[in-house]
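The values are calculated or read from the model by the stated rules, or taken from the named source; none is laboratory data. Everything numeric here is computed off the predicted structure, so don't read it as measured data. With ideal geometry, Cβ positions are generated from the backbone for all residues, glycine too; neighbour counts draw on all protein chains shown. These area figures cover heavy atoms from the full protein model, side chains too; ligands, DNA and RNA do not enter into them. Shrake-Rupley method; radii C 1.70, N 1.55, O 1.52, S 1.80 Å.
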Amino acid sequence: MTYAYYPGCSAKGSSADYEKSTQAVCDVLGLTLVEMSDWNCCGSTPAHAVDTELSAALCARNLDIAARQGAKMLLTPCPSCLSNLKHAANRLEKPEFRARVDALLDNPAAGNFPAVTSVMQGIAAHCDVNGIAKHIRKNLKGLKLAAYYGCLMSRPAKLMDFGDPENPSLMENLLTACGAEMLNFPLKTVCCGASYGIPERAVTARLSGRILKLAACMQADAVAVACPLCQMNLDLRQPQAAKAVDAFFNMPVLYFTQIMGLAFGLSPTALGLEKLRVSADSLLRKLEAEGGRS
Amino acid sequence: MRIGVFICHCGSNIAGTVDCARVAEISTGFPDVVYATDPMYTCAEPGQVAIEAAIHDHRLDGVVVASCSPRIHEPTFRHTVERAGLNRYMFEMANIREHVSWIGKDRDANTNKAAELVKMALAKLRNNRPLVAKSFEANKKVLIVGGGVAGIQAALDCADGGVPVILLERESTIGGKMAKLDKTFPTVDCSACILGPKMVDVAQHPNITLYTYSELEDISGYIGNFTVKIHKRATYVNWEKCTGCGVCSEKCPSKKTPDAFNELTGVTTAINIPFPQAIPKKAVISAEHCRQLTKGKCGICAKTCPTGAVVYDMQDDVVTEEVGCIIAATGYDLMDWTVYREYGGGQYPDVITSLQYERLLSTSGPTGGHIRRPSDGLEPKHVVFIQCVGSRDKSVGRPYCSGFCCMYTAKQAVLTKDHLPLSQSYVFYMDIRAPGKLYDEFTRRAVEEYGVEYIRGRVSAVYPDGEGAYVVMGVDTLLGRPVEIKADIVVLAVGIEASRGAAALAEKLRISYDNYGFFMESHVKLKPVETNTAGVFLAGVCQGAKDIPASVAQGSATAAKVLALFARDRLENDPQTAQVDTRRCVGCGKCIRCCPFGALKETTIRGEIKTDVIETVCQGCGLCTSTCPQGAVQLSHATDNQILAEVNALCRC
């Protein structure tokens, strides 16, 4: 299957490893991701807070390009991009809003936008448990993982379509299919502090600290994430977070695609594991020691 | 005919938007009206005396009162005209309050509509004929469904008043929810100690027949003459022989039966007596968990029973009883709190319901009255109570207040401090609702003397902190900031819902119930224990949330109603029943099939099939009248002629 792919700007910088592992895992599973040409930033966190029309215009341009390139389905790894694209598509259904957005664009958006979905939902829709199982080269048996979705992935519930917004389970389903033991992680949709890491560092440190502390208490081997910003807060800011909650952490924070890639037998380099600040070595060692072959 | 018309002002209720004097004046122009006036309060004593005087002075043989709802005052005015010597059915009422003054502000239009309603009532009255009630013998025995504290109180009061009582209970013992409580608010006296003696009284009272482990299967008949079928479930123990010694449950090897009496906080044996003060104190085998009954191998209880009371092949039984009236006192169940997934939805062992906590506090409970966490048996230090779980929450379909949770939470917090002096309790609340006698004082005491910390706000999530305790995330809406409390045990003040099967029972009793399954009283304020079905009364929480004092008061109130009813030797039926014109009836039987009360039956008159009405059963609903293709069935006091006269009066202006 071929899908249009919208990487979003963090995929080209801070979360290049997410991008790399996403492409690698989709290759294995037979999802061909074709990156849209000439895409622009979705507006990310700031735009929609300042000007919904500008934010929608940025997304409308992307959706328009994808539509003109004949895409029926657009996949994006980043929850923030997903949220912005979906919100824009939803708002643009109102003619008067669309007219105001069109005024901001050189070329009015053509309409008939492709459906937008996350890479996680795309993989789950493409292959079931058996579809994943047949690619497993290194069973993740013995690995205890905390799936962490962040606050954005499943909300607003209707738009994002992740099932129960308080208790989504898609990531658990995918990683369980890879053989990992998924913890019942109660903070899976609680905010990590998001972009407060810049203006109010203490807030982010406290919120991320709470998440990491519980994962550590529950003896998770790693936290599995699906959001570049969450990953950065939990991984890069781990010393700050540890200080805020008076603890010490050495908790690898991996993208779910990196973990799936490990199960598929891909090399750590192919999955960009060297980009993690908290090394995944402990995880790899445990996998070598315990992980059986499928 | 000579008719008098009275247009009531009802203070400003009607006169505010209706020109009553004008309506009276218009009324004098209607046929047969010889007298019309507009008193201030027709229902008050001067008003009623004036009606009586007018009947005498103007030799009236019919009266129309235009005022409020007939549901409230029609019986009043019927008695008034009766006192003056008229037949009570030579009276008609026009509702010009609910149907006119309360719903419109246009004075002219209202006045006009009021006059038209009077005209209709007059047209009907001119076609009225005197009706006479038939009297019949009443079976002076009462059936009480539900053996909780309300049912027990009603049973004792009726029995003391000389009325034989049949007390029916679904569980194997009476006592209901109150028997499960450790202490009661606001006096903190032992629940079992105040209820126990009453339960013993029930067992020993010569006027009370007790059926436990039994359910109501079927009811037929009418006030004074109900026939009830009682389904006695098999207990697999011959209660005539069982002495309640308890040897059977000591020896029973199947020790993993969920203990319903202890709210599933513990396990019990497959053959058991629910609690030491059970009435009757007889053993019951849980068929689901008994090895003999499920696998055919065991039989230990039968071998050890000193009186040979165990009967493995016991069958359910149905007994029939005749009673004159019925009291429903079926109580409540806890709302299914597992829908609150954010509180742990049944997945965390130390997040428990208030009733489970009550069992932990109770000496006869699974921990012998020591507060211990279900997960590891440790004593909790921090106890968090969350109120309004399933109360006042539209999102789970429970918008009503459950009434007593504020109080029992305060009581449990106080008891927690008594049991564990070093503990700290927190209560997340929305408002404190403590309106009863000494109630507010009690909640204050919890705060001021027992140091319970009350936090106003809702809890958003409860989750394990990974170190064996729980984090309760909430908001303090008085301080306007989020709070997180560490808890060793979380107690949810779970709200109530109607007892399981309440709606089905209501259908059997032919009484109304609300959206939530609570039984409807006849009048919210003035007939709180009656129902719209004659001879069926309500007591306790089956009618709506209430605490023990209110349930007991209502139990006594129903008993008073029963005793008043049975103080008469003969009861009268309402003569507004269906009548069959046998000359017109073709015996098609449609009316028999449509009657919800079973009041019509087939009969043979001179070889032809016809329908006959059992007048005492007929409730005068009129379904048969509108069903009959021949127009052969007529409702006395609402005949086709009367209804057509009303329509004609309105349309032929």
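Let's test the formula: R0 of 35 Å, r as the Cβ-Cβ distance of A:N40 and B:V483. What FRET efficiency results, to the nearest 0.05? The formula returns an efficiency of 0.25 here. Using Cα atoms only, what is the angle between the long axis of helix B:640-651 and the major principal axis of chain B, expressed in degrees (0 to 90) to the nearest 10? Taking Cα atoms only, the helix is inclined about 70 degrees.
Please state the shape class of chain A: rounded when a/c is under 1.5, otherwise prolate if a/b exceeds b/c and oblate if not, all from the C-alpha gyration tensor. It is oblate, given that a/c is not under 1.5 and a/b is not larger than b/c.
For chain B, the residue among B:G365, B:G162, B:Y35 whose Cα projects farthest onto the positive side of the dipole built from Cβ charges is B:G162.
Here the extension length gained between B:E449 and B:S626 equals 57.0 nm, from 0.36 nm per residue of separation less the Cα-Cα distance. Solvent exposure of B:D313, expressed as accessible area, is near 110 Å², computed with a probe of 1.4 Å over the protein chains only. For the chain pair B and A, buried accessible area totals roughly 800 Å², probe 1.4 Å, rounded to the nearest 100. The dipole here belongs to region B:385-448: it is taken about the Cα centre, uses +1 on the Cβ of Lys and Arg and -1 on the Cβ of Asp and Glu, and is about 160 debye. Measuring from a point 7 Å past the Cα of B:H58 along Cα-to-C-beta, which residues in region B:70-112 have an amide N at less than 19 Å? Zone members listed by number: B:77-96. Label positions at B:N641 and B:S395, each projected 7 Å from the Cα along the C-beta direction, are separated by 6.3 nm. Annotation: per residue accessible area for region A:2-120 equals 42 Å², rounded to a whole number [probe 1.4 Å, protein chains only]. Counting lysine pairs in region A:56-183 whose alpha carbons fall under 20 angstrom apart, excluding pairs fewer than 8 residues apart on the same chain, gives 4.
Across the options B:L478, B:T80, B:I614, the greatest Cα extent toward the positive end of the charge dipole of chain B (unit charges at beta carbon of Lys, Arg, Asp, Glu) belongs to B:I614. Pairs with C-alpha atoms separated by more than 23 Å, drawn from the list B:K251/B:K282; B:K177/B:K241; B:K177/B:K198; B:K180/B:K411; B:K177/B:K525; B:K140/B:K229, are B:K177/B:K241; B:K177/B:K525.
Give me the angle, in degrees from 0 to 90, between the Cα long axis of helix B:107-125 and the longest principal axis of the Cα atoms of chain B, rounded to the nearest 10. On a 0 to 90 degree scale, this one is about 80. When the helices of chain B are scored as -39500 (n - 2.57) per DSSP H run of n ≥ 4 and the total is divided over every residue, the value at 222 nm lands at -8000 deg cm²/dmol. In summary, the helical segments of chain A meeting the span-like criteria, namely a full DSSP H run, a Cα extent along the axis of 15 angstrom or more and a mean Kyte-Doolittle hydropathy of at least -0.5, are A:16-29, A:52-68, A:201-217.
Give the relative contact order (percent, whole number) for region B:247-304; include only Cα pairs under 8 Å separated by 6+ residues. It comes to 36 percent, rounded to a whole number. Heavy-atom accessible area for B:W337, with the other protein chains in place and a 1.4 Å probe, reaches approximately 40 Å².
Computed from label points 7 Å out along Cα-Cβ, the spacing between A:K286 and B:S69 is 6.7 nm. Place a +1 charge on the Cβ of each Lys and Arg in chain B and a -1 charge on the Cβ of each Asp and Glu, then give the dipole magnitude about the Cα centre in debye, rounded to the nearest 20. So the magnitude is around 880 debye. When chain A is treated as a GNM with alpha-carbon contacts under 10 Å, the residue of A:A226, A:A216, A:A147 showing the greatest mean-square fluctuation is A:A216.
The stretch between B:Q347 and B:K229 holds 38.3 nm of extra length on full extension. This uses 0.36 nm per residue minus the Cα-Cα distance. Which of the three applies to region A:137-290, rounded, prolate or oblate, going by the alpha-carbon gyration tensor with a ≥ b ≥ c and a/c under 1.5 meaning rounded? Since a/c reaches 1.5 but b/c is at least a/b, the shape of region A:137-290 is classed as oblate. Fully extending the segment from B:T294 to B:L131, taken as 0.36 nm per residue of separation minus the present Cα-Cα distance, adds 52.4 nm.
When the charge dipole of chain B is built from unit charges on Cβ atoms (+1 for Lys and Arg, -1 for Asp and Glu) and taken about the Cα centre, the candidate among B:G589, B:C405, B:L117 whose Cα reaches farthest toward its positive end is B:G589. If you fit an axis through the alpha-carbon atoms of helix B:45-57 and take the longest principal axis of the Cα set of chain B, what angle between them do you get, 0 to 90°, nearest 10? With both axes taken from Cα atoms, the answer is about 30 degrees.
Is the C-alpha gyration tensor of region B:145-195 telling us rounded, prolate or oblate? Criteria: a/c under 1.5 is rounded; beyond that, a/b larger than b/c is prolate, otherwise oblate. Since a/c reaches 1.5 but b/c is at least a/b, the shape of region B:145-195 is classed as oblate. Computed per residue of chain A from DSSP H runs no shorter than four, each worth -39500 (n - 2.57), the mean residue ellipticity at 222 nm is -12500 deg cm²/dmol.
Per-residue SASA remark: B:Y41, around 120 Å² accessible (1.4 Å probe; ligands, DNA and RNA not included). For B:K141, the aspartates and glutamates whose Cα comes closer than 20 Å to its Cα, not counting residues fewer than 8 places off in the same chain, are B:D157, B:D160, B:E169, B:D201, B:E215, B:E217, B:D218, B:E321, B:E322, B:E530, B:D569, B:E572. Taken about its Cα centre, the protein assembly as shown carries a charge dipole of roughly 1060 debye when the Cβ of each Lys and Arg holds +1 and the Cβ of each Asp and Glu holds -1. Computing FRET efficiency as 1/(1 + (r/R0)^6) for B:R510 and B:C193, where r is the C-beta to C-beta distance and R0 is 30 Å, gives about 0.15.
Between B:K381 and A:D164, what is the FRET efficiency for a Förster distance of 35 Å, r being their Cβ-Cβ separation, to the nearest 0.05?
0.60
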